[in-house]
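The values are calculated or read from the model by the stated rules, or taken from the named source; none is laboratory data. Keep in mind that this is a model prediction, so the values were computed, not measured. Quick reminder, even Gly has a Cβ in these numbers, built from the backbone with ideal geometry, and neighbours come from all protein chains shown. Ligands, DNA and RNA are excluded from the accessible area calculation, which covers all protein heavy atoms including side chains. Shrake-Rupley method; radii C 1.70, N 1.55, O 1.52, S 1.80 Å.
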Amino acid sequence: MTTARDGSGRLSVARAVAAHCRAVTGSRWFAVGVLLLILANAVVLGVETYAGVVHRWHDELKMIEHGFLAAFTVEILLRAGAHADRPRDFFRDPWNLFDLAVVLCAFLPVIRENATVLRLLRLARVLRAARFLPQLRVVLVAVVRSLPGTVSFLLVGALLLYVYAMVGWVFFADDDPEHYGSLGRAVLTLFLLMTLDGLGDAVRAGLEISRWSIVYYASYVLIASFVLVNVLIGVVITSLDEARDIEREEGRRPRPAVGGDLDERQVRDRIARVRTALDELEESLEHRPPPRVPHPPHREEAVERVPSGSLPS
């Protein structure tokens, strides 16, 4: 009985803490405040690139960085507290894992002693702004979802570069060793031509060697600059549409509504109060003794209780 009571009490405390933390993290001022902190952190990072400012305001900038770290630590603690009643839900959100990693790594001694890694870690905080900007979040999700298609594009592009580089080395190495003297030089030349940079000069130099070089450059530009690049654009656009669909589905998820036009904070408060009432009811039922069931009287006792005049003759 005591163990059940302690477990129920801890559960009620966890639900109360989660309700209060959700009321804070779900408010608009909290999201705006964290976004302003992230932007301020980005500004301070930019200011630290000026050696004169760092030399003059070194201690002040150090204090500001400690303040940012403390604020972000409090933020992640509040987000974790909002899932106190369901801790697993906190780790199911990729953004929570990213925020937790960025904050916890700043406390590791190895990272704190390495200025370069610490600056990169502070730069990673700027990416957290995507959590509060839906459009930027859609773009980041689209980039991540386009990675498998991008890998396939890179493999096809590498194969194309290798084939055309070998062909260019065979035909142009003797006459144009600066651009096709080796496989590496040929790959670099063709990679720049993929962006159409210096295409006119390359075509003119090729025509001085052979008039058939126009076929080489024309086929390469058509395949690399038009076909492959358009395929990559199609992959990114498809991933962007998928990311937008995911964002719409998350926005359409039904939320508990309790009568009328209540905002999310009021709904969460009512749910927390209902949970607390259920916990108290459960505790009262556990402490209440079981009801006694009266036993039916024996036949002899029942006969004795019946008046003699009422017995049938």
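Taking the criterion of being assigned to a helix (DSSP H, G or I) and either aliphatic (A, V, I, L, M) or on the phi > 0 side of the Ramachandran plot (or both), the residues of the stretch 178-203 that qualify are Leu183, Ala186, Val187, Leu188, Leu190, Leu192, Leu193, Met194, Leu199, Ala202, Val203. When we screen Ile233, Ile246 for residues that are part of a helix (DSSP H, G or I), of a type in the set (A, V, I, L, M), at pLDDT 80 or above and open to solvent by less than 90 Å² (accessible area, probe 1.4 Å), the only hit is Ile233. In the stretch 97-109, the residues that are touching a residue at least 24 places away in the same chain (Cβ under 8 Å) and farther than 18 Å from Gly67 by Cβ form Cβ pairs under 7 Å with partners that are open to solvent by less than 70 Å² (accessible area, probe 1.4 Å) and among the β-branched types (Val, Ile, Thr), at six or more places apart or across chains, as follows: Leu100/Ile76.
When Leu61, Leu104 are checked against the criterion of being open to solvent by 80 Å² or more (accessible area, probe 1.4 Å) and either more than 26 Å from Arg270 (Cα to Cα) or part of a helix (DSSP H, G or I) (or both), a single residue qualifies: Leu104. Residues in the stretch 195-202: is at least one open to solvent by 70 Å² or more (accessible area, probe 1.4 Å), of a type in the set (D, E, K, R) and within 30 Å of Val139 (Cα to Cα)? Yes, because at least one residue in the stretch 195-202 is open to solvent by 70 Å² or more (accessible area, probe 1.4 Å), of a type in the set (D, E, K, R) and within 30 Å of Val139 (Cα to Cα). Inclusion of Val34 among residues that are in contact with an Asp or Glu (Cβ under 8 Å, 6 or more places away or on another chain), assigned to a helix (DSSP H, G or I) and β-branched (Val, Ile, Thr) is warranted. Within the stretch 147-169, at least one residue is open to solvent by 90 Å² or more (accessible area, probe 1.4 Å), in a helix (DSSP H, G or I), modelled with pLDDT of 85 or more and farther than 18 Å from Leu232 by Cα. Checked against (1) touching a helix residue (DSSP H, G or I) at 6+ places or on another chain (Cβ under 7 Å); (2) hydrophobic (A, V, I, L, M, F, W, C); (3) over 30 Å from Leu100 (Cα atoms), Leu136 passes all but a single condition, namely (3).
Looking only at the stretch 111-123, residues that are exposed (fewer than 15 other Cβ atoms within 10 Å of the Cβ) and touching a residue at least 24 places away in the same chain (Cβ under 8 Å) come to 2 in all. Here Asp175 fulfils each of the conditions (1) surrounded by 16 or more Cβ atoms within 10 Å (Cβ to Cβ); (2) not in a helix (DSSP H, G or I) apart from (1). Just one of the listed residues (Ala80, Ala40) is surrounded by 16 or more Cβ atoms within 10 Å (Cβ to Cβ) and without any contact (Cβ under 8 Å) to a residue 60 or more places away in the chain, namely Ala80.
For the stretch 133-181, filtering for residues that are aliphatic (A, V, I, L, M) and closer than 30 Å to Ile209 by Cβ leaves 11.
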